Amino acid sequence: MNRNPLTEIAADLWRDKTGLFGLTVILLLIVLVVFGPVLAPHEPGAINLAARLKPPAWLDGGSWARPLGTDHLGRDVLSRMIIGARASLLVGASVTAIAGTFGSILGIIAGYFGRRVDSAIMRLVDTQVAFPGLLLAIIILAVVGPKLQTVIVVLCLNGWMVFARMARGIVLTVREAPYVEAAEVIGCHPIRVVWRHILPNLLAPMLTLAVLEFARVILAEAALSFLGVGVQPPDTSWGLDLATGKNYLFRAWWLVCFPGLAITVTVLGANLFANWLRIVADPHEREKLFAAAVVAEEGAAP
Amino acid sequence: MIPFLLRRILHGMIVALGVTTVVFVVTRLIGDPVKVMLPLDSTEEQRAALAAKLGLDGSIWEQYQHFCIRLLHFDFGDSLWQGRSAADIVLERLPDTLSLVGTAIALAVLFALPMGLAAATRPGGHLDRLLVGLSLTGLSVPQFWLGLLLILLFAVQLHWLPTSGDESLRHLVLPAVSLALPSIGRLTIMVRSTAIDEINRAYVRTAEAKGLTFGRILGVHVMRNAANPIITMAGWEAIRMLAGYSVVVETVFSWPGVGFLAVQSIERRDLILLQASVFTVALMVVLLTLAIDIAYKVIDPRIKLS
């Protein structure tokens, strides 16, 4: 048996095909984001009124020059989707990173220092969790003016609490562990205790949560853009393209179907990957997996 | 019970005050509401007249006090778009939102309970994998997209159901299904994991040893113990719908609820109506949170309220 942890994780992932699918989707999207302008067959904003509302290539009137058809201004749907991936991923990644870091730090502070600090931070979390987040996001964006940066800030505002709650919960249990007490007794600085002894315990569950939140944020950005308070033209985003496609629903179904499919596959990929990550990172679940693997091997051996 | 209730009500009031303050700060400090509401080519006099009419000519602090006092009377002023009390307009629309969210949450629980329990009976089995896969897919679908697909299929292709409006129960089907699907996915996964935890408890083994059928154990013993987290979760799903996604679904189906009203008032630059809708929804969310907390206690007397 191979003991190298990396190969073990890879083998694990290979066994769980849904997790593998999730990771593939995420990697594919990163490629699209990095190489988008090279991969897109057309300029996403290029208007061609002669080729308005052309159907996808496999239908009558479609051509392989524009595989997924064109919109009401003759713009290439595929190219717009490739470029549109950037908005979704940019918002998803930056919101997760900012809200995740901020929330985790507050959660660790609350859990580690306890007492007054804890109750002050958690009061704030409880209050903010009860806010109607998306509706407030809509009103803020409508008044302040929809810009990509504002979308990110607004989504961060209602995304950090989950991280704080989770980080605090883990810190509270880890705090009681003998090795943390030992480190404190021999006089380690609090920062060192947190950094060396508590933080490693947070890594896996917080990573899982981050992937789940990434999926949620992508859905939220799509919804905001769909309502017209998110990404604005001439920029593109899947949600924005869906909103324009909606007006041609009865004549050009492809304008609605493909961007929506892109959102669904992305979110599903992230969810499946997080599901796998959770099982792998959770020692209890790992035991079960290991047991299942052993049973399978022994069953196959004779 | 009483001190607990008082504490929860106090918390609800703090939340309501918080939302009020956010709405106030956003509409008064960051953007000049008069500028937002009037067209770009309006004159200085028009702006001053509107500011005076809306009571926006005092200091910020005076305006805030004025705003809060009027909220206590559920008075937001007259809608600019319709020229009558914004509170009345919102109250007319509220039943539509409540019936949509209510139907969607009922649908979600109705589907998620049997699916989650079925998946929990054999974790890792074929049925379990299928149901978990379906749930994960369901919760990954954007509701507005699902709504548009349902319109394409059932309204345009098959002509079975209407695309928009609220005239009959048939109009409710497509919006409720769109709103419910992600909740069905999340709830199924939750019911499944709660039930798996419970099935591994000692009391289930005792019940099995007594010779009870598995269906009875699941339906009576496990359900009683799993009811609390499931009801809490269903409540949170309702809050999630109310506080955001109903806006999107109502817009897709032109369902005349408060969410659609909020979007319409954004399009018409009617900040007063927008404030009224947001505040009403926030109030609903606060009340629902309170209801969940009380249900928690009523269902499971073991819970200590502290």
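The values are calculated or read from the model by the stated rules, or taken from the named source; none is laboratory data. Predicted model only: the values in this text are computed from it and were never measured. Here the Cβ positions follow ideal geometry from the backbone for every residue, glycine too, while neighbour counts run over all protein chains shown. Ligands, DNA and RNA are excluded from the accessible area calculation, which covers all protein heavy atoms including side chains. Shrake-Rupley method; radii C 1.70, N 1.55, O 1.52, S 1.80 Å.
Using the Cβ-Cβ distance between A:D126 and A:N4 with R0 = 35 Å, the FRET efficiency computed as 1/(1 + (r/R0)^6) comes to roughly 0.20. Sequence-distant contacts, meaning Cα pairs under 8 Å at least 6 residues apart, place the relative contact order of chain A at 23 percent. Counts of other chain beta carbons within 10 angstrom of each beta carbon in peptide A:118-129 average 2.
Each of A:H189 and B:E167 was given a label point 7 Å from its Cα along the Cα-to-Cβ line. The distance between the two points is 7.4 nm. Ranking of B:M1, A:M166, B:M115 by solvent-accessible surface, largest first: B:M1, A:M166, B:M115 (1.4 Å probe, protein heavy atoms only, all chains present).
Within 10 Å of each Cβ in B:131-142, how many Cβ atoms from other chains are there, averaged over the peptide? All intermediate terms of the calculation are to be shown ahead of the outcome.
Details: counts 0, 2, 4, 0, 1, 8, 6, 1, 6, 13, 7, 14.
Across B:131-142, the average partner-chain Cβ count within 10 Å equals 5.
Suppose R0 equals 45 Å; then what is the FRET efficiency for A:R116 and B:M223 from their Cβ-Cβ distance, rounded to the nearest 0.05? Display every interim value, and only then the final one.
Details: r = 41 Å, r/R0 = 0.92.
Efficiency, from the Cβ-Cβ distance: 0.65.
A cut-off of 5 Å between modelled amide H atoms, ignoring neighbours fewer than 5 places along the same chain, links B:S85 with B:S79. Among A:S119, A:S104, A:S237, the order of accessible area from largest down is A:S119, A:S104, A:S237, computed with a 1.4 Å probe on protein heavy atoms.
Placing +1 on the Cβ of every Lys and Arg and -1 on the Cβ of every Asp and Glu, with nothing else charged, gives chain B a dipole about its Cα centre of roughly 1520 debye.
For region B:56-98 versus region A:86-110, the inter-centroid distance based on Cα atoms is 35 Å. Find the centroid of the Cα atoms in region B:212-276 and in region B:147-207, then give the distance between the two in whole Å. So the two Cα centres are separated by 12 Å.
Take peptide B:144-152, look around each residue's Cβ out to 10 angstrom, count Cβ atoms belonging to other protein chains, and average those counts.
Details: counts 12, 17, 2, 1, 9, 6, 0, 4, 5.
What the average comes to for B:144-152 is 6.
Of B:S42, B:S178, B:S164, the residue with the greatest mean-square motion in the GNM of chain B, using alpha carbon springs below 10 Å, is B:S42.
Is it possible to state the helix-based mean residue ellipticity at 222 nm for the protein assembly as shown, with each DSSP H run of 4+ residues giving -39500 (n - 2.57), the sum divided by total residues, to the nearest 500 deg cm²/dmol? What is it? Let's see the in-between values first.
Numbers: 25 runs with 427 residues, N = 608.
The helix-only estimate for the protein assembly as shown comes to -23500 deg cm²/dmol at 222 nm.
Each of B:K297, A:K54, B:K210 has its accessible area taken with a 1.4 Å probe; listed largest first, they run B:K210, A:K54, B:K297. Sorted largest first, the spans of the alpha carbon positions of the protein assembly as shown along the three principal axes are 85, 68, 55 Å. Scanning chain A for long hydrophobic helices, with DSSP H runs required to stretch 20 angstrom or more by C-alpha along their axis and to average at least -1.0 on the Kyte-Doolittle scale, returns A:17-39, A:77-113, A:115-129, A:160-175, A:199-226, A:254-281, A:283-300.
Find the accessible area per residue for the protein assembly as shown; the probe is 1.4 Å, ligands and nucleic acids are left out, and the unit is Å².
Details: 29620 Å² over 608 residues.
Per residue, the protein assembly as shown has an accessible area of 49 Å².
Taking 0.36 nm per residue of sequence separation and removing the Cα-Cα distance, the A:D282/A:A50 pair yields an extension gain of 77.8 nm.
Rounded to whole numbers, the Karplus 3J(HN,Hα) couplings from phi for region B:101-108 are 5, x, 4, 4, 6, 4, 4, 4 Hz, using 6.51 cos²θ - 1.76 cosθ + 1.60 with θ = phi - 60°, and x at Gly and Pro. For region A:145-264, take every pair of Cα atoms, bin their distances at 10 Å starting from 0, and report each bin as a whole percent. Percent of Cα pairs in each bin: 12, 29, 21, 16, 12, 7, 2, 0. Just checking the listed ones, A:R196, A:R278, A:R75: in the Gaussian network model of chain A with Cα springs under 10 Å, the one fluctuating most is A:R196. Percent of Cα pairs in chain B per distance bin of 10 Å, from zero to the largest separation: 6, 22, 26, 23, 15, 7, 2, 1, 0.
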